[in-house]
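Values quoted throughout were computed directly from the atomic coordinates according to the rules given, and no laboratory measurement underlies them. Small disclaimer: the values here were computed from a predicted structure and weren't measured. Glycine gets a Cβ as well: all are built from the backbone with ideal geometry, and neighbour counts include every protein chain shown.
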Amino acid sequence: MHILKLMPIYFEKIRLGEKIYELRLNDEKRQAMKIGDKIEFRKEPDHTEICYAIIEDLIYFESFNDMLDRLSLDEIGFKGQSKQEAFNLYRKIYSKEKEEKCKVVAIKVKVLN
């Protein structure tokens, strides 16, 4: 079981099935993920709300820009927003250096009821 913490807005989008890809750096923790594994999503800041999902696919990208060029903004939780707005959020979370070192993974999830 993998544990991922999410900002409230993205936790709700995952829980409701509006966001089917969770995007992260492909760091050591994410490299351990496999298709079929379960994820426990915890809603920040207190982590008392939990949502379970199963990993349906893992798609690897060189960068967030590469990912934004290939995945639908709706599927990654940015419906009604621009690619630049999405990129700006990821840049606030992850430095360019970490992105270049680890690359990016899109984790396709299916929420378990």
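With charges only on Cβ, +1 for K and R and -1 for D and E, what is the dipole size of the chain about its Cα centre, in debye, rounded to 20?
Dipole about the Cα centre, nearest 20: 100 debye.
Helix-derived [θ] at 222 nm for the chain: sum -39500 (n - 2.57) over DSSP H runs of at least 4, divide by residue count, nearest 500?
That comes out to -8500 deg cm²/dmol.
Could you tell me which of SER82, VAL111, THR48 has its Cα farthest along the dipole of the chain towards the positive end, charges placed at Cβ (Lys, Arg +1; Asp, Glu -1), taken about the Cα centre?
THR48
Stick to Cα atoms and the Kirkwood definition of Rh, then tell me Rg/Rh for the chain.
0.93
Under a 5 Å amide H to amide H cut-off, with H placed in plane at 1.01 Å, what residues pair with LEU4 once short-range neighbours are removed?
GLU40, PHE41, ARG42
Hey, what do the phi angles of region 18-25 turn into as Karplus ³J(HN,Hα) couplings, whole Hz, using 6.51/-1.76/1.60 and θ = phi - 60°, x for Gly and Pro?
So the Karplus estimates, Gly and Pro as x, are 7, 10, 9, 10, 9, 9, 9, 5 Hz.
Which is the longest stretch in the chain that no exposed loop site breaks, taking sites as trypsin sites (Lys or Arg not before Pro) with a DSSP loop state and at most 16 other Cβ atoms within 10 Å?
On the way: sites that count: LYS34, LYS79.
Result, exposed sites excluded: 35-78.
Got a sec to turn the phi values of region 32-39 into Karplus ³J(HN,Hα) couplings, 6.51 cos²θ - 1.76 cosθ + 1.60 with θ = phi - 60°, whole Hz, x for Gly and Pro?
7, 6, 9, 4, x, 5, 9, 10
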